[in-house]
Amino acid sequence: MTLTQKILAAHASNLLRPWVQAGDVLQVSVDWTIASELAWNGMERTYGLLGRPKLHDKNRFFLAVDHTVDPVTLANDKRAQKLVQLSRSFARESGIRHFYDANQTILHTKFYRDLVRPNDVVLGADSHTSSHGGLGAVSIGLGGADIVVAMVLGTSWIEVPEAISVEYTGQLPFGFGGKEVILRTLALLGRNTVAMERSVEYRGAGARQLSTDSRFAIANMTAEFGGLNGIFEADEVTAAWLAGRADEDDPAALQPMRAFRADPDAPYVAHYPIALDKLEPQVAKPFSPDNVAGITELAGMPLDGLFIGACTTTEEELVLGALVLEAAETKSGKKSQRSPQPKQLVVPGDLTIQENLRRAGLWEIYERNGFRIGPPGCSMCLGVASEKAGHGEKWLSSQNRNYENRMGEGSLAHLASAATVAASAAEMKVTDPRPLLSLVDQDRYRRILGERKPRRAPEMQIVEPELRLAPSSAAPQPGSGKRARQTDRAAVQSRVIRARVQRFGDNIDTDAIIPGEFCHLTSLAELGAKAFHYVRPEFVQRAREGATVIVAGEGWGSGSSREQAVLALKGAGIQAIVAKSYAFIHKRNLVNEALPFVVVQDEAFHEAAKEGAEIEVDLERGRIRLGGREFEAEQPSRIIQALAGEGGIVPAIQHHGTAVFEKLTA
C-alpha cells in the first residue's frame, strides 16, 4: 500500500481484505474536523437541517475566525459581523474546546503547529486542509456539508484514491523553501493534470531535508496542484517538531512518534523526479498557480503592491523576509526609514508567530522598510475584507492563489516566496532575492527559528497499521447492493433534462462561480443571482432563458472548497453539468446537494457542444443527445449513485440515521 492507503486502512471499518486499493469505498473514522467562519456560514444550514445534534467529540472540532476579518472589517461590515457571530454562537452552544476568535490565528497555521499528528485523518471545510499532510496526516478538504456530518458522526466515506509519487532530489540552496519547491512542481507538472483527484506523496532524499514549515507549504498548495491530499512520511524532522510541543497540552507528545511507510512496491500510478539543487526563485503569473516563470524572466517588472502572508506563508518565510530586508539595508550601508506604505502589507499566521518575530526584533525591520503589519488572518489572499488590491494593480504576494479577481476585482496577483517579495520592496520591481540571501546571517536565522526547543529527545517507531476486518458473514451478496442502489438512483434521477448549453473551458474555479465576497449569502436565490458575477455577467440571464446545462472541459470546480458554488448554480437554475473531469471537493459538493453531473470524455461531444446548442441529458440511462447523436456518460461510483438516490447527504442521514455510511458503503 501507499502511505495514504495505509492510513485510510487503519481508520476503516469492516475491511473485506487486509489491504485497500484505489477505487475501494471505505467508511473511515475521523480524528479531526476543522473549519473557518466563512465555511461555518454554510455549515450552519446543514447543521440546522440535521436538527443541531450533539457533536461526536467536541474536543476534536477546530473552528477559527480568519477568512473575512480584520479590525476595520469587523467594526464596519455587517456581513463579516454576521459570520463571526454565527461562529461565536455555535462555539458557545456546543462547548467546543478549540475555538479561535477573530485575528488570533489562521485556521491551518494553528492546527498544524499545535494539534495534528502523523497518521491522523483530518477533514476540513477548506481546500487547503491538505496542508496537514506536511506532518504525515491524511488531510482532505471537503465541502461544509461533509464536515458537518463527520463532526456529528465521527465518521465519513472515502473512495481510496490513486496515488502519484513526486520524488525530490538534490539539496536546496539556503533561503529556498516550500514555496519555491511547489511552484517549480506546478511549473513542471501542471495544475489539475497528473495530480487530479489523486493522492500526492512527496518522497525522496530531497523531501527528507525539508523543514516542517517547507513541508506545510508544499502540502498546502497540493490544493492548487489538484491533488486530493498531499503527504510526507513522518520522520526524524517530524519527531523533533512534535517533541517541541507543550507536553501538558498534547499528552500524545509524551509517547514515541509512530509512523507508517509506503511499501517498496506501493502501487503509484507514476513517479515524477524533480531536482532541487539548481532551482532559481519562481514566480507564478496571473491567472494560474502553474503559470510559472523563473525570476530572471520577470526581473524588473514594476509592481503596485506587496503582500507577505496567508496560510501558505509560514513562520520560516516571515523570518526570512525580514532578514532579506535587513540584508538590503546592509548592502546600501544604511537603515531604511520609509513611512508605512498603503500597498505593502505583512500578516503573520498566528499570535505566537507574531510574538516570536516581535521578540526577535523583526517587525521593526519590516516597518522601517515600509510594511504595515496586520493582525493574523487570511487578509488579502481572499480579497473580501478591507485589504484589497485595486483594478489593474500588479501585486507580488506570498499567498497560494492568483485566480482572476482573487485579491480584489480586476487585480493581477503574482505568486512568489516571502524572500522574493521582500527583495522587491526597495524599488517596487520584481527582484531576484539571491544576492541578498547570500548576505543573510544563517546562524541568526537558525537561532530565531530554533528558540522553540524540544522538551524531550524525539523518538520514533516505524509500524504497520492495525486493521479491522469484517466478519466473513458480513460480506455482501454479489450484485445485491448494485441493484438496490440503481433502483434508488432511478427513483430520484429518472427525469430527462432538455435545455440549451452554456459552454465553459478547462479549470473553471469556484472563485469564478461564486466570488468570495458573496459567500456570506445563504438563500439559493441570492447566491444564484451572483453566479459568475465578474467573469460571465450574462450567465444568470441566459439560464433564465433556458440555457440550464453547463458543458465544460477538465477540472470543473477547482480551487476553493466553498459549497456555495454548487448552491449558486442551483439558485441560478442550472439543472445539470457535463464535463470531462471535476475537482474532487466540488464533485462531493454536487453529490451532497443533489445537483446532477455526468462525465463525458468523448471529444466529438465536446466539439459539438457549442454555446446555445440544444441538449438532452437522460440521467437514469447516462445518455446525452446532442446534434442528432447520442453519447454515453461514464458510470458513477456506487456510493455516488446511492447518495444521488437518496437526494443528497442530508436526506441520506434523515433516512438512515447514524448508520448512514455503514449502509451506503456495505
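The values are calculated or read from the model by the stated rules, or taken from the named source; none is laboratory data. Quick caveat: nothing in here was measured; it's all calculated off a predicted structure. Using ideal geometry, Cβ is built from the backbone for each residue, glycine included, and neighbour counts are taken over all protein chains shown. Surface areas here come from the heavy atoms of the whole protein model, side chains and all, with no ligands, DNA or RNA. Shrake-Rupley method; radii C 1.70, N 1.55, O 1.52, S 1.80 Å.
May I ask which residue of VAL384, HIS414, ASN369 lies farthest towards the positive end of the charge dipole of region 368-432, with charges of +1 (Lys, Arg) and -1 (Asp, Glu) on Cβ and the Cα centre as origin?
ASN369
Filter the trypsin sites (Lys or Arg not before Pro) in region 85-144 down to the DSSP loop ones having no more than 12 other Cβ atoms within 10 Å, then list what survives.
On the way: sites: ARG88, ARG92, ARG97, LYS110, ARG113; in loops: ARG97.
Taking region 85-144 and a limit of 12 other Cβ atoms within 10 Å, the loop trypsin sites (Lys or Arg not before Pro) found are ARG97.
Could you state the principal axis extents of the C-alpha atoms in the chain, from the largest down, to the nearest angstrom?
Computed over the chain, the largest-to-smallest principal extents equal 76, 55, 49 Å.
Can you give the calculated 222 nm mean residue ellipticity of the chain, where each DSSP H run of n ≥ 4 adds -39,500 (n - 2.57) and the sum is split over every residue, rounded to the nearest 500 deg cm²/dmol?
-9500 deg cm²/dmol
What shape does region 536-664 have by the C-alpha gyration tensor, where a ≥ b ≥ c are the square roots of the eigenvalues, rounded means a/c under 1.5, and otherwise prolate means a/b greater than b/c and oblate the rest?
Cα axes put region 536-664 in the prolate bin.
Take the eigenvalues of the Cα gyration tensor for region 299-373, scale each by 5, and report the square roots as semi-axes in whole Å, largest first.
On the way: eigenvalues 75, 49, 27 Å².
Calculated on Cα positions only, the semi-axes equal 19, 16, 12 Å.
Towards the positive end of the charge dipole of the chain, with charges on Cβ (+1 Lys, Arg; -1 Asp, Glu), say which of LEU439, SER523, THR312 has the farthest Cα.
Looking along the dipole axis, the top candidate is SER523.
Over the Cα atoms of region 90-227, what Rg and Dmax result, in angstrom?
Using the Cα atoms of region 90-227, the pair Rg, Dmax is 15.9, 51 Å.
If you take every DSSP beta bridge fully contained in region 561-666, what fraction is antiparallel? Give it as a percent rounded to 5.
75 percent
Per residue, how large is the accessible surface of the chain? Use a 1.4 angstrom probe and give square angstrom.
Dividing the accessible area of the chain by its residue count gives 36 Å².
Sorted from largest to smallest, which semi-axis lengths in Å does the alpha carbon gyration tensor of region 373-415 give for its equivalent ellipsoid, taking the root of 5 times each eigenvalue?
After scaling each eigenvalue by five and taking roots: 16, 11, 9 Å.
When only DSSP loop residues count, what trypsin sites (Lys or Arg not before Pro) in region 604-666 have their Cβ near at most 15 other Cβ atoms within 10 Å?
Taking region 604-666 and a limit of 15 other Cβ atoms within 10 Å, the loop trypsin sites (Lys or Arg not before Pro) found are LYS610, ARG621.
Rounded to whole Hz and in sequence order, give me ³J(HN,Hα) for region 130-147 from the Karplus expression 6.51 cos²θ - 1.76 cosθ + 1.60, θ = phi - 60°, writing x for Gly and Pro.
Working through the residues one at a time gives 4, 3, 7, x, x, 9, x, 9, 8, 10, 10, x, 9, x, x, 4, 4, 6 Hz.
With no solvent and one equal point scatterer placed on each C-alpha of region 501-555, evaluate the Debye formula and give log10 I(q)/I(0) for q = 0.29 Å⁻¹, two decimals.
Values, matching the q order: -1.26.
Rounding to the nearest 20 debye, state how big the charge dipole of the chain is about its Cα centre with +1 on each Lys and Arg Cβ and -1 on each Asp and Glu Cβ.
Dipole about the Cα centre, nearest 20: 860 debye.
What's the whole-number percent of alpha carbon pairs in region 274-399 lying beyond 20 angstrom?
For region 274-399, the fraction of Cα-Cα distances above 20 Å is 49 percent.
Within region 234-342, list the trypsin sites (Lys or Arg not before Pro) lying in a DSSP loop whose Cβ has at most 13 other Cβ atoms in a 10 Å radius.
Filter output for region 234-342: LYS278, LYS334, LYS335.
Which value in Å is the Kirkwood Rh of region 235-328 over different Cα pairs? Numbers along the way, then the final one.
Values: mean 1/r = 0.0544 Å⁻¹.
When all Cα pairs of region 235-328 are included, the Kirkwood radius is 18.4 Å.
Would you grab the residues whose amide H sits under 5 Å from the one on ALA576? Only those 5+ places off in sequence or on another chain, please, with H modelled 1.01 Å from N.
ILE550
Which ³J(HN,Hα) values in Hz, rounded to whole numbers, follow from the phi angles of region 262-278 under the Karplus curve 6.51 cos²θ - 1.76 cosθ + 1.60, where θ = phi - 60° and Gly and Pro get x?
So the Karplus estimates, Gly and Pro as x, are 4, 5, x, 9, 4, x, 6, 5, 7, 10, 10, x, 9, 8, 10, 6, 10 Hz.
Tell me, what ³J(HN,Hα) does each residue in region 22-29 have, in order and in whole Hz, if you take phi through Karplus 6.51 cos²θ - 1.76 cosθ + 1.60 with θ = phi - 60° and put x for Gly and Pro?
3, x, 5, 9, 10, 8, 10, 6
Can you give the % of DSSP beta bridges in the chain that are antiparallel, to the nearest 5?
Values: 25 of 83 bridges.
Beta bridges within the chain, antiparallel portion: roughly 30 percent.
Got a number for carbon plus sulfur as a percent of the chain's accessible area, 1.4 Å probe?
Carbon and sulfur together cover 48 percent of it.
Cα convex hull of region 28-140: how many Å³ per residue?
99 Å³
Any chance you could check the Cα centroid distance between region 108-124 and region 288-317 for me, in angstrom?
One Cα centre to the other: 26 Å.
Taking a quarter of the surface of the convex hull around the Cα atoms of region 181-277, what do you get in nm²?
7.0 nm²
Sorted from largest down, what three extents in whole angstroms do the Cα atoms of region 396-463 have along their principal axes?
Computed over the Cα atoms, the extents are 51, 36, 18 Å.
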